[in-house]
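One structure is given below, encoded as structure tokens.
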Amino acid sequence: MRRSLLFIPSNSPAMLQNADIFAADAIIFDLEDAVAITEKDAARILLDQYLNKFSLNQTEVIIRINSIDSEFGFDDLNKIVSDQIDTIMLPKASKEDLYILNEYLTKIELNKLLNKKIQVIPIIELASSIINLKEIASAPRVNGLLLGAEDLSTDLEVVRTEQGIEIQYARSVVVMYAKAFKIDAIDTPYINTKDEVGLVKDAQFASSLGMNAKACIHPNQIEVVNTVFSPSLKDVDHAKKVMMAYEQAQKEGKGAFSVDGKMVDKPIIERAKLLIKKAEKWGV
Amino acid sequence: MKNSLNRTIPNNGFLPYMGAFERIKANQRLCIPEVVSTNVDKLRQSIDVLFDEIPIVNGMTLSFHHHLRNGDYVLNMVTEVIKKRNLKNITIAPSAIFPIHAPLVELIEKENITKIYTNYMNGPVADAVSKGKLKELLVMDSHGGRPRAIESGELSIDVAFIAVPASDAFGNGNGIYGKSACGALGYAIADVKYAKNKIVITDYLVDKLDYIEIDGKYIDYVVKVDTIGDAKGIISGTTKPTKDPVQLKIAKDTAKLIEDLGYIKDGMSFQTGAGGTSLAVAEEMKKRMLNKHIKGSFASGGITSFLVEMQHLGLFERLYDVQCFDLEAVESYKSNPNHIPMNSSKYGNPYEVDPIVNQLDIVILGATEIDTSFNVNVTTDSHGRIIGGSGGHSDTAAGAKLTVITTNLIKSRMPIIKRNVTTITTPGETVDCVVTERGIAINPKRVDLLEKVKNTSLNIVTIDELLEIAHNITGVPNDIKSSDNMIGVIKYRDGSVIDTLYQMKGD
């Protein structure tokens, strides 16, 4: 369960030093687009040193590696995969890449005697990834799908707009496959870092489509994203009411019951359970 | 000799600091008689002629205010005459010294100027003093301590040079008209009342003024010059809230702390400085006050456009202004009857009956260093170089019901939390909370505050834990040794010496 995932360039000591203070659920340490080709090795070494030195406590550690068909992807994995990280984020993901990545991670886990199984978040940023979503979402280790709207727009030869009509299908289909395979649907970042009102609208719209998290490219976006993707107090109160009524109905042997005049069935109970779980996790 | 904070202070004639309130409780207010002028014909052609007429001679003490801040030309004009006449052993007492006052350095080196009293200094003059170039000890008072020192006769001023943006021929003046309008003139008032000779320097001489802040009855001479300064130079720090995510987090956590402690309520009073983090705290306070429909009583201190806006929104009934930090504040002071001037004595003199600082609920302050006893340094950097001074720091910390220090835990790879600060400006007993990006420490003596934050989501840690967190990131820096050569003293607002300044090693 995630709400906010913050991108941090792995070649910036000052940003690494403060990566964990902003209450993001996950930090994506970026070795790909944020790092110039001439600095790839330095960024990798710096990030490795940082992860060995700093404890990020409960914050999920995600590494966006370079694509594995580039000359840097496997070097990234060899250097950076350890018990200090949780997840690999794979750019321009294809089902073939995910297969190779899974095999390679298995080897590293065995060689390094890791105590955990590294998870994977593929970035859906190619038209081909969209049409292969079923295979991608069901690939081993995948526990979330991140929509990468900027690269996808380039692939689609369309202009990215504030309204996002050009990515509406992609957003919806990512949500569908993520939910079908019970993994996170993670929305594309909102790139205007100075427009808080725009961010709120964009995040609320994504949430209304079924996205349950959003990537952030600036720490100042996290508070808004966490707020939008957290259950509201009103929803939590209602969910608690549903669960109390459900427990009462169980005691009384009733199959059907109502809350506030509305019939409650299994999907509503499941939703209430999930909502309460999220509220507990995030201290709502 | 050691004071109660175990700091060594000079033996010759200085009182040791005994605690924030001990001397104030024990002593009576001392006031020398006000000095009213008997002159009728006050206009003079130049500053130079007054050096002969008064006369201004070797060994005298000359004072200045700093309302034109880094746009002030008057101190440099007087410096030029001292240099031309090659006067010796002059003491100057400007309420603050800025980079624009660099010409003083030559006179310090040549021992024309041998002693300085001030509340704040940065730039070339501060560097020269840090290097041990001033012959006698630098004396740094607070903004509230300076009027106390002047009215008691402890700082005896022979001639006060008062830069006044608009004046009549009698010396009645204000800071709201003319090309050099800089707003409130609160720091000049003690000099105006108690100096032996007072000279108004103006670049806007008028027949009559509809508003008088400088009372002509105290003024002996008026000199018109081409320009007293550049009013744009009064701008202090930045005028917009920070966008830096770490400082924004600190600002948000500060506002949440204040709210969770129950200080955001009707009638609240508030002070914060200029600068990005301070304004971001004000921005967060504004949001919370608007959400809760809170109407505060006053905001005070140096006034910024941001506080002016809050007052316009009805979040504060009044603004108490000792100096304007930007030109929007000057305009507000000129036109808004609820934007009220206060002199520096009314602001922070500990012997005033009810100074504004004592009426403050909340003050937000910065720190260059803070130690595990909550002592704060805003005077020197960790090498002992003078980079500021108390200003109103120690006055407001002592007076306000809640004193919050906001600071990054680490700046430029150096931890801001120390076992012992290089220089104590403000004693830890007057500091309640320290807000950093990695946690909030509350002074253990504020049991009431610790109780209130128990069930909040705030990240409360001890000050020792903050030190440990910082050291885990930076390692433990070596202590930086200063030389043994005393170059100045930091006076607490009651006149005692809270710490000593030493020459930087190697300079």
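Just to be sure, is A:Val175 part of a helix (DSSP H, G or I), of a type outside the set (Gly, Ala, Ser) and in contact with a strand residue (DSSP E or B) (Cβ under 9 Å, 6 or more places away or on another chain)? Break it down stepwise before answering.
Numbers: part of a helix (DSSP H, G or I): yes; of a type outside the set (Gly, Ala, Ser): yes; in contact with a strand residue (DSSP E or B) (Cβ under 9 Å, 6 or more places away or on another chain): yes.
Taking the combined requirement at face value, the residue satisfies it.
Confirm whether B:Thr403 is buried (at least 24 other Cβ atoms within 10 Å of the Cβ), part of a strand (DSSP E or B) and either in contact with an Asp or Glu (Cβ under 6 Å, 6 or more places away or on another chain) or not assigned by TED's automatic domain parsing to the domain that holds B:Ser130 (or both). If you could, list the steps in order and put the result at the bottom.
Numbers: buried (at least 24 other Cβ atoms within 10 Å of the Cβ): yes; part of a strand (DSSP E or B): yes; either in contact with an Asp or Glu (Cβ under 6 Å, 6 or more places away or on another chain) or not assigned by TED's automatic domain parsing to the domain that holds B:Ser130 (or both): yes.
Yes.
Take the residues of the stretch B:489-507 that are in a loop (DSSP other than H, G, I, E, B) and either under 16 Å from B:Asn375 (Cα atoms) or over 17 Å from the mean Cα position of the chain (by Cα) (or both): which is modelled with the lowest pLDDT?
This residue is B:Asp507.
Within the stretch A:233-280, which residues are touching a residue at least 12 places away in the same chain (Cβ under 8 Å), within 19 Å of A:Gly210 (Cβ to Cβ) and either within 14 Å of chain B (Cβ to nearest Cβ) or loosely packed, with under 10 Cβ neighbours inside 10 Å (or both)?
A:Ala279
What number of residues within the stretch B:244-300 are under 24 Å from the mean Cα position of the chain (by Cα) and either among the hydroxyl-bearing types (Ser, Thr, Tyr) or within 14 Å of chain A (Cβ to nearest Cβ) (or both)?
The number of residues fulfilling the criteria is 14.
Return yes or no: is A:Leu46 among the aliphatic types (A, V, I, L, M), within 14 Å of chain B (Cβ to nearest Cβ), touching a helix residue (DSSP H, G or I) at 6+ places or on another chain (Cβ under 9 Å) and assigned to a helix (DSSP H, G or I)?
Numbers: among the aliphatic types (A, V, I, L, M): yes; within 14 Å of chain B (Cβ to nearest Cβ): no; touching a helix residue (DSSP H, G or I) at 6+ places or on another chain (Cβ under 9 Å): yes; assigned to a helix (DSSP H, G or I): yes.
Taking the combined requirement at face value, the residue does not satisfy it.
Looking at the structure I just gave you, is B:Ile473 in a strand (DSSP E or B), within 14 Å of chain A (Cβ to nearest Cβ) and touching a residue at least 12 places away in the same chain (Cβ under 8 Å)? Please lay out each step first, then the result.
Values: in a strand (DSSP E or B): no; within 14 Å of chain A (Cβ to nearest Cβ): yes; touching a residue at least 12 places away in the same chain (Cβ under 8 Å): yes.
Against the criterion (in a strand (DSSP E or B), within 14 Å of chain A (Cβ to nearest Cβ) and touching a residue at least 12 places away in the same chain (Cβ under 8 Å)), B:Ile473 does not qualify.
Scan the stretch A:1-43 for residues that are part of a helix (DSSP H, G or I) and either closer than 24 Å to A:Ala203 by Cβ or in contact (Cβ under 8 Å) with a residue 40 or more places away in the chain (or both) and jot them down. Don't jump to the end; show me each part of the working.
The first filter runs over the stretch A:1-43 and keeps only residues part of a helix (DSSP H, G or I), leaving A:13-17, A:19-21, A:37-43.
Selection gives A:Met15, A:Ala19, A:Asp20, A:Ile21.
Limited to the stretch B:413-467, what total is found for residues that are polar (S, T, N, Q) and surrounded by 18 or more Cβ atoms within 10 Å (Cβ to Cβ)?
At the first step, the residues of the stretch B:413-467 found to be polar (S, T, N, Q) are B:420, B:422-423, B:425-426, B:430, B:436, B:443, B:455-457, B:459, B:462.
Within this subset, residues satisfying the condition of being surrounded by 18 or more Cβ atoms within 10 Å (Cβ to Cβ) are B:422-423, B:425-426, B:430, B:436, B:443.
The qualifying residues number 7.
Considering B:Leu319, B:Leu315, which residue is surrounded by 21 or more Cβ atoms within 10 Å (Cβ to Cβ) and without any contact (Cβ under 8 Å) to a residue 24 or more places away in the chain? Can you show your working first?
Details: B:Leu315 fails: without any contact (Cβ under 8 Å) to a residue 24 or more places away in the chain.
Only one candidate passes the filter, namely B:Leu319.
Identify, from the list B:Lys193, B:Lys232, the residue that is more than 14 Å from every other protein chain (Cβ to nearest Cβ), surrounded by fewer than 18 Cβ atoms within 10 Å (Cβ to Cβ) and not in a loop (DSSP other than H, G, I, E, B). Walk me through it before giving the result.
Values: B:Lys193 fails: surrounded by fewer than 18 Cβ atoms within 10 Å (Cβ to Cβ).
Checking each option against the conditions leaves just B:Lys232.
Give the residues of the stretch A:22-38 that are more than 16 Å from the chain's Cα centre (by Cα), surrounded by fewer than 20 Cβ atoms within 10 Å (Cβ to Cβ) and either within 14 Å of another protein chain (Cβ to nearest Cβ) or under 15 Å from A:Ile123 (Cβ atoms) (or both), sorted by residue number. Explain how you work it out, then say what you get.
Here is the first cut: in the stretch A:22-38, the residues more than 16 Å from the chain's Cα centre (by Cα) are A:22, A:31-38.
Still in the list and also surrounded by fewer than 20 Cβ atoms within 10 Å (Cβ to Cβ): A:33-34, A:36-38.
Of everything in the stretch A:22-38, those that are more than 16 Å from the chain's Cα centre (by Cα), surrounded by fewer than 20 Cβ atoms within 10 Å (Cβ to Cβ) and either within 14 Å of another protein chain (Cβ to nearest Cβ) or under 15 Å from A:Ile123 (Cβ atoms) (or both) turn out to be A:Asp33, A:Ala34.
Of all residues in the stretch A:170-212, which are charged (D, E, K, R) and within 17 Å of the chain's Cα centre (by Cα)?
Restricting attention to the stretch A:170-212, the residues satisfying the condition of being charged (D, E, K, R) are A:171, A:179, A:182, A:184, A:187, A:194-196, A:201-202.
The answer is A:Arg171, A:Lys179, A:Lys182, A:Asp184, A:Asp187, A:Asp202.
Of the residues in the stretch B:93-117, how many are closer than 21 Å to B:Asp230 by Cβ and outside any loop (DSSP other than H, G, I, E, B)?
Going residue by residue through the stretch B:93-117, those that are closer than 21 Å to B:Asp230 by Cβ are B:94-105.
Adding the requirement that they be outside any loop (DSSP other than H, G, I, E, B) leaves B:94, B:97, B:99-101, B:104-105.
Of the residues in the stretch B:93-117, 7 are closer than 21 Å to B:Asp230 by Cβ and outside any loop (DSSP other than H, G, I, E, B).
So, in the stretch B:476-488, of the ones that are of a type in the set (Val, Ile, Thr) and not in a strand (DSSP E or B), which residue ends up farthest from B:Leu409 (Cα to Cα)?
Here is the first cut: in the stretch B:476-488, the residues of a type in the set (Val, Ile, Thr) are B:476, B:480, B:487.
From the residues that got through so far, the ones that are not in a strand (DSSP E or B) too are B:476, B:480.
Values: B:Val476: 14, B:Ile480: 19 Å.
Looking at the filtered set, the residue picked out is B:Ile480.
Residue by residue through the stretch B:97-114, note down the ones that are within 20 Å of the chain's Cα centre (by Cα) and buried (at least 19 other Cβ atoms within 10 Å of the Cβ). Quick ask: steps written out before the conclusion?
As a first pass, look at the stretch B:97-114 and keep what is within 20 Å of the chain's Cα centre (by Cα): B:97-102.
Within the stretch B:97-114, B:Ile97, B:Phe98, B:Ile100, B:His101 meet the criteria.
The values are calculated or read from the model by the stated rules, or taken from the named source; none is laboratory data. The structure displayed is predicted, hence computed values, not measured ones. Neighbour counts are summed over all protein chains in view; Cβ atoms, including those assigned to glycine, are modelled from backbone coordinates with ideal geometry.
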